[in-house]
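Engineer: Before we start, here is the structure in question, set down as structure tokens.
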Amino acid sequence: MTQTRDRILGAIRAGLGSPPAPLQDIADEAAALLAESELIRPGLGQRDLVETFAEHFISQMLGGTLETIPTLDALPETVRRGGAGPAARCGASAGC
């Protein structure tokens, strides 16, 4: 039992690699990444965020399906009949 435990812990330690960097170095690197993301993130302009998400969700790259439902109460039936299921979204007129 002890050999197994030692072997498992040894594998975990080996997988961890070197000790983590100092916290300030990590914070500095994170700040630099955030600054860069503003330079490369595509602008959405005045586009509706829900519509933009839906457009990307059903894109060829993700291959998702999306169905607009009138209310959240319609979700169980949508799932039962094989609709979009969790990807269904509640219509704006339903207030959800």
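Engineer: Taking 0.36 nm per intervening residue step and subtracting the Cα-Cα distance, what contour gain separates ILE40 from LEU16 on full extension? Walk me through the numbers on the way to the answer.
Structural biologist: Values: separation 24, 0.36 × 24 = 8.64 nm, distance 3.15 nm.
In short, 5.5 nm is gained.
Engineer: Also, quick follow-up: Rank by packing, highest mean first: peptides 44-55, 64-75, with packing defined as the count of other Cβ atoms within 10 Å averaged across residues.
Structural biologist: The most tightly packed comes first, giving 64-75, 44-55.
None of the figures in this text is laboratory data; all of them are computed from the coordinates on show. What you see is a predicted model, and the numbers here were worked out from it, not measured in a lab. Cβ: placed from backbone, ideal geometry, glycine included. Neighbour counts: every protein chain shown.
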